[in-house]
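J.: Starting off with a structure, shown below.
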Amino acid sequence: MNKYEEFLAFHFSLGRAVSQWAEVEGALGRIAGMEFGSHQYNRVVAGWLSIDNFRAKLQYVDTLLMRPNLSSTLRADWVRLVDRTQRAAKKRNSLAHHYCHTDENGKTGQRFILIPSRAYIKPKNPKARHPGSLYLRDIEA
């Protein structure tokens, strides 16, 4: 893969990952709205949209769904989904809050890197990977 192809693949993968996360957030909003029925859907979704923090949005929907009338099977499924979503949220934050760095001399798949902001200090070994850095293969995973 040449540098231009890697550039396209890197940014395409990053854009796709962020778009997929938007789908997760949108689904949570629809779940929140459906919990109150069609007569309150718009109000509930408008309130949900006013919450900025994803974890707060997830907690809001989680509180709505953990009602006594939820079957034990659905409750167990929901608990697993919330746990999975919380783990994915950490990965999403890495994508959203790292900055893009270009290493012209890097190997294929390692020329474009998402680096945590705390990694402004260069490592002692210039060939070493910054802790928490993400390459193309990491974004695709």
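Each value in this text was obtained by applying a stated rule to the coordinates, not by laboratory testing. Because the structure is predicted, anything quoted here is derived from the model rather than measured. Neighbour counts are summed over all protein chains in view; Cβ atoms, including those assigned to glycine, are modelled from backbone coordinates with ideal geometry.
J.: Name the pairs: first residue in segment 75-91 and without any contact (Cβ under 8 Å) to a residue 40 or more places away in the chain, second residue exposed (fewer than 11 other Cβ atoms within 10 Å of the Cβ), Cβ to Cβ under 6 Å, at least 6 apart or on different chains?
T.: Nothing qualifies.
Condition check ((1) surrounded by 11 or more Cβ atoms within 10 Å (Cβ to Cβ); (2) over 30 Å from Asn2 (Cα atoms)) across all residues:
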position	(1), (2)
Leu28	yes, yes
Gly37	no, yes
Tyr41	yes, yes
Ile51	yes, yes
Asn69	no, yes
Ser72	no, yes
Ala89	yes, yes
His97	no, no
